[in-house]
């Protein structure tokens with residue numbers, strides 16, 4: 001037998017398992033992954049873990065956080081100008097912003113992959129038209145296109161998500177398109193074609209395993225942009241309305257209180273920062289593991 | 001000798017499209033006609049850019065010809081289904097490290113053509129793979145390996161196994177020996193000759209090394225500017241080349257120590 | 001060369017055509033006309049000829065949209081340019097260092113700064129920065145583009161140049177005042193830009209450092225400074241510029257958000273106010289002005305890159 005069990009390697013690892021074993025060595029990335037998982041858990045179970053109901057108003061207005069003089073343990077992060085619990089509103093904000101961004105990334109990636117792959121596999125006029133159309137859409141700044149879509153649909157949380165996804169979709173399609181196009185010229189894809197493989201099989205076994213690294217960083221990019229844009233639109237007042245408050249809107253609503261109660265502005269910003277940071281570190285670790293796995 | 005492959009008046013024209021976004025101009029190919037007998041080896045030689053690769057890619061089905069007919073065992077190639085075509089002609093690429101998908105096991109690489117082109121059940125697929133691996137001289141243990149775990153020669157063997165697994169009539173090999181070390185090259189050459197002896201497969205080679213071409217082939221086609229300059233059996237080409245082009249080509253490939 | 005430029009111009013025309021269609025549809029929508037009962041090809045031709053003659057319509061408060069949009073966008077551009085120059089001066093040396101000594105302690109520090117810069121929401125950073133003058137006691141203006149006491153005539157739209165031109169009115173006071181107003185916004189924008197440029201520079205430099213010609217240069221006994229100046233930078237810069245060109249629309253987006261926070265008159269404030277007043281004619285104008293600028297600028301950069309980089313020049317001959 002070629003593979004004998006006297007050596008440590010008793011089993012041949014698939015590229016995925018190998019990538020994972022490299023990834024596991026990266027402590028920071030592992031920590032980021034756990035924080036990311038916790039954040040996603042918060043999004044899913046936000047309804048069960050809210051310390052107070054978001055609309056409850058108490059008499060104590062503008063309480064500082066618990067660890068600062070004057071803070072009370074009932075309101076861990078203090079209260080806002082209407083006596084609402086900051087932690088509760090923060091968790092709700094995370095749910096709306098992060099949840100929206102995750103949903104949006106999922107939808108954009110599925111739609112973008114379908115359109116991009118179809119375009120890359122069809123040749124000729126249709127692909128050419130799509131190419132130029134995407135080119136033109138890409139030079140419209142995302143904020144501008146989001147504003148245009150908001151102006152057309154009217155401001156609301158759902159429309160904000162739609163606007164952001166539509167403004168990010170061209171980027172995703174374009175990146176996927178270029179990746180697949182590059183991959184199609186590789187010899188192993190041509191060989192698979194000569195085996196008689198149809199397009200679906202070509203994508204599944206030939207192309208996608210090999211563009212994993214760029215997919216990971218692309219998804220990360222789209223996700224970060226989604227978070228920042230959703231909160232930017234919220235901040236500008238085009239996102240959530242009334243009581244459902246997403247992180248950007250939370251900042252905007254407390255901007256006037258920045259000197260009397262700065263934490264109302266600080267906490268949502270830090271929350272956005274941590275979300276983007278954690279997902280970035282996680283995917284960057286993943287990407288490095290994929291690259292390292294390919295090098296060896 | 002039975003005629004296996006018949007190519008007649010094959011042409012490929014690249015028209016410079018009138019649109020602004022044209023992808024450039026390439027030299028046309030053809031018209032080209034030749035025949036290949038069963039169990040024979042045909043070598044195509046010529047300087048780079050002479051259309052050798054285009055020709056074999058047309059035969060392999062990667063590029064569609066502008067005009068002309070290719071028929072195999074008397075049947076025109078265009079009348080065959082994709083599956084029949086795959087079973088008739090297989091191609092081996094120049095560099096196995098780029099023609100074997102790095103993310104897929106050898107087992108999967110070898111299973112794919114069987115799944116796509118035959119009605120074999122799992123057991124038959126397994127047997128066919130074992131038989132083919134034995135033919136190219138590999139152990140079945142390698143099935144769980146990924147291509148980058150193998151040495152270059154083993155990768156060549158796998159690439160050859162992928163071509164042989166459907167028992168094709170013709171194997172097209174596009175300069176497959178160029179990347180190999182001289183001692184390893186002979187291992188593959190002997191392997192190829194063994195396979196031909198056992199299975200009666202025909203080969204179409206694109207070659208650079210004149211000594212190998214002379215060693216392996218029965219028939220040689222010399223190409224220049226997309227046209228056939230000379231088409232004759234090997235001994236004739238090497239001993240009494242008819243055109244200056246062929247003479248120069250042969251001369252340029254004489255190693256110094258022969259002088 | 002001519003062939004290359006003509007192909008670029010051709011691309012420009014196609015993209016410009018699609019942009020005008022988008023702008024046209026937006027204009028139709030904001031005028032409240034439905035497309036079904038009118039002949040929209042004729043409408044489109046009419047629209048384009050009006051645009052070409054400079055008749056872009058006027059806003060609700062009867063100001064000409066073209067002038068308004070151009071002035072606003074010039075202000076945004078001013079912010080972008082100042083931030084970009086600051087960021088490039090700081091970030092490129094840092095990026096080179098990080099790429100030159102990968103896995104060095106300082107490399108980690110630099111990359112951490114870069115990561116933080118990319119993860120921080122820009123509008124939040126702007127809001128926090130508005131607190132700075134109060135907290136530190138330094139007097140710096142945090143809103144408006146220029147103090148209302150100065151009435152600077154609009155000549156070029158770039159207010160820094162305009163204030164210099166109006167020197168006879170206020171000496172250089174107006175110029176300094178404008179600079180002070182731009183100070184904090186450009187710091188915020190350049191924070192993002194620094195992070196982005198560091199990242200791009202480092203990636204590009206590490207790719208170049210891996211290549212064999214750098215090893216050959218090392219073997220030739222070149223000193224490190226000469227190596228950086230003659231070999232690394234020359235090969236790394238084109239790809240950095242190319243990547244930054246792709247980021248241009250993001251940079252302009254961020255600049256607009258920062259303007260809104262600092263109420264700095266510019267494209268961001270202009271668009272926001274127009275949308276809030278439901279004066280939607282500003283939207284097609286913004287598409288034409290901003291995207292048109294990005295389009296022209298990209299093609300300019302493409303041609304520039306082709307001139308400075310032999311690798312890109314290859315595309316002249318290929319097809």
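Tabulated data for the structure shown
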| read-out | value |
| --- | --- |
| Selection within the stretch B:187-208 - more than 13 Å from the chain's Cα centre (by Cα) and outside any loop (DSSP other than H, G, I, E, B) | B:187, B:188, B:189, B:190, B:191, B:193, B:194, B:195, B:196, B:197, B:198, B:199 |
| Every residue from the stretch B:71-96 that is in a strand (DSSP E or B) and either within 14 Å of another protein chain (Cβ to nearest Cβ) or buried (at least 18 other Cβ atoms within 10 Å of the Cβ) (or both) | B:71, B:72, B:89, B:90, B:91, B:92 |
| Only one of C:126, C:88, C:119, C:72 that is at pLDDT 80 or above and under 30 Å from residue C:31 (Cβ atoms) | C:72 |
| Elements of type helices (runs of 4 or more DSSP H) in the stretch A:188-296, at least 1 residues being under 29 Å from residue C:121 (Cα atoms) and over 19 Å from the mean Cα position of the chain (by Cα) | A:247-253, A:263-295 |
| Single residue of A:208, A:238 found to be surrounded by fewer than 18 Cβ atoms within 10 Å (Cβ to Cβ) and under 23 Å from residue A:107 (Cβ atoms) | A:208 |
| Hey, residue C:164 out of contact with any strand residue (DSSP E or B) (no Cβ under 7 Å at 6 or more places or on another chain), at pLDDT below 90 and within 14 Å of another protein chain (Cβ to nearest Cβ) or not | no |
| Index of the failed condition, residue C:4 passing every other in (1) within 26 Å of residue A:138 (Cβ to Cβ); (2) over 24 Å from the mean Cα position of the chain (by Cα); (3) at pLDDT 85 or above | (3) |
| The listed residue being within 14 Å of chain C (Cβ to nearest Cβ), farther than 25 Å from residue C:252 by Cα and either assigned to a loop (DSSP other than H, G, I, E, B) or at pLDDT below 85 (or both), out of A:128, A:73 | A:128 |
| Boolean, residue C:11 is under 23 Å from residue A:145 (Cα atoms), within 26 Å of the chain's Cα centre (by Cα) and outside the structural domain of residue C:178 (by TED's automatic domain parsing) | yes |
| Residues of the stretch A:14-43 satisfying the condition of being within 13 Å of another protein chain (Cβ to nearest Cβ), free of Cβ contacts under 8 Å to residues at least 40 places away in the same chain and either in contact with a helix residue (DSSP H, G or I) (Cβ under 6 Å, 6 or more places away or on another chain) or part of a helix (DSSP H, G or I) (or both) | A:16, A:17 |
| Sole exception among (1) more than 10 Å from every other protein chain (Cβ to nearest Cβ); (2) over 17 Å from residue A:79 (Cβ atoms); (3) modelled with pLDDT under 85 for residue A:282, by number | (3) |
| Helices (runs of 4 or more DSSP H) completely within the stretch C:231-314 that count 1 or more residues being away from chain A (no Cβ under 14 Å) | C:233-261, C:292-308 |
| Residue match in the stretch B:45-55 (condition: buried (at least 20 other Cβ atoms within 10 Å of the Cβ), in contact (Cβ under 8 Å) with a residue 40 or more places away in the chain and either within 9 Å of chain A (Cβ to nearest Cβ) or in a strand (DSSP E or B) (or both)) | yes |
| Among residues of the stretch C:11-39, those that are modelled with pLDDT under 80 and surrounded by fewer than 16 Cβ atoms within 10 Å (Cβ to Cβ), counted | 9 |
| Subset of the stretch B:137-174 [more than 10 Å from chain A (Cβ to nearest Cβ), assigned to a helix (DSSP H, G or I) and in contact with a strand residue (DSSP E or B) (Cβ under 7 Å, 6 or more places away or on another chain)] | B:160 |
| Filter result for residue B:109 (under 30 Å from residue B:207 (Cα atoms), at the interface with chain A (Cβ under 9 Å from one of its Cβ atoms) and in a helix (DSSP H, G or I)) | yes |
| Complete set of residues in the stretch B:120-148 that are without any contact (Cβ under 8 Å) to a residue 24 or more places away in the chain, surrounded by fewer than 16 Cβ atoms within 10 Å (Cβ to Cβ) and closer than 20 Å to residue A:192 by Cβ | B:120 |
| Residue A:270 vs. criteria at the interface with another protein chain (Cβ under 9 Å from one of its Cβ atoms), surrounded by fewer than 19 Cβ atoms within 10 Å (Cβ to Cβ) and free of Cβ contacts under 8 Å to residues at least 24 places away in the same chain | yes |
| Residue check for residue C:94: buried (at least 16 other Cβ atoms within 10 Å of the Cβ) and in contact with a helix residue (DSSP H, G or I) (Cβ under 9 Å, 6 or more places away or on another chain) | yes |
| Condition met for residue B:177 (under 30 Å from residue B:213 (Cβ atoms) and not in a helix (DSSP H, G or I)) | yes |
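The values are calculated or read from the model by the stated rules, or taken from the named source; none is laboratory data. Keep in mind that what you see is a predicted model, and the values were worked out from it rather than measured. With ideal geometry, Cβ positions are generated from the backbone for all residues, glycine too; neighbour counts draw on all protein chains shown.
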